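Here is the structure we will look at.
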Amino acid sequence: TKEKTNISIGWGEHITDGRVRTSTSGRHFCAEYISRKGNQEFLGTFRRLGARYLQIFAETDEIEIKFLTLRPTLYPLTVKPFKAQTKLMQKIYDVSVRTLQLCMHEHYEDCPWREQALYTMDSRNQMLCGYYAFGEKDFARASLKLIGLDKCEDGLLSICYPSSIQLKIPSFSLHYIMQMNEYIEYTGDISLA
């Protein structure tokens, strides 16, 4: 840039009206970057974005962007080989495994896009698929342990973790019991329970 400039980097999954949808339901998905004059490089390593599209909003027309991208940060996994009977079934399987990988950061996420929260119902399905697709148990264990740290006076679990939200869906507490049972069934590890 030719001068100090406020720049917003927005992200989203779809384009509407010729721009990335960076705002939904009163939530905004942009990061602010204040540039200095001249050439510069920036790498923001402490923010996790799930996005298909990026868009720049700048307070000046005097800007040239040479490169903008997201750097993948994936949990290390070994995908078990799987050969489907048809190309379509293989594609469905491959996309499903990729989606499962994208929903694994420090815990299972309901989606890699915007919420990125750990729910018992979503994570139960993810764990069951992960046992088969990756033979992975450490990640499931860590997610179950995190859910188990929830402390509510009524004994029910919060809707998601970690969170200060007090909203509860009673069946989610029952899903946790099922998850623990399945974890023992697939791993043989009873120490967490």
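Hey, among the residues in region 13-31 that are part of a strand (DSSP E or B) and without any contact (Cβ under 8 Å) to a residue 60 or more places away in the chain, which one's most open to solvent (accessible area, probe 1.4 Å)? If we take residues in region 13-31 being part of a strand (DSSP E or B) and without any contact (Cβ under 8 Å) to a residue 60 or more places away in the chain, then His28 is most open to solvent (accessible area, probe 1.4 Å).
If you filter region 117-142 down to residues that are open to solvent by 30 Å² or more (accessible area, probe 1.4 Å) and either of a type in the set (A, V, I, L, M, F, W, C) or not in a helix (DSSP H, G or I) (or both), you find that the one that is nearest to Ile165 (Cα to Cα) is Tyr119.
Annotation: Ile34 fulfils all but one of (1) open to solvent by 80 Å² or more (accessible area, probe 1.4 Å); (2) in contact with a strand residue (DSSP E or B) (Cβ under 6 Å, 6 or more places away or on another chain); (3) not in a strand (DSSP E or B); the unmet one is (3). With respect to (1) more than 30 Å from Ser191 (Cα to Cα); (2) surrounded by fewer than 14 Cβ atoms within 10 Å (Cβ to Cβ), the lone exception for Gln55 is condition (2). Going through (1) open to solvent by 70 Å² or more (accessible area, probe 1.4 Å); (2) farther than 29 Å from Thr78 by Cα; (3) in a helix (DSSP H, G or I) one by one, Lys145 falls short only on (2).
The values are calculated or read from the model by the stated rules, or taken from the named source; none is laboratory data. Predicted model only: the values in this text are computed from it and were never measured. Virtual Cβ from ideal backbone geometry, glycine too; neighbours counted across all protein chains shown. Side chains included, ligands, DNA and RNA excluded: accessible areas come from the protein's heavy atoms. Shrake-Rupley method; radii C 1.70, N 1.55, O 1.52, S 1.80 Å.
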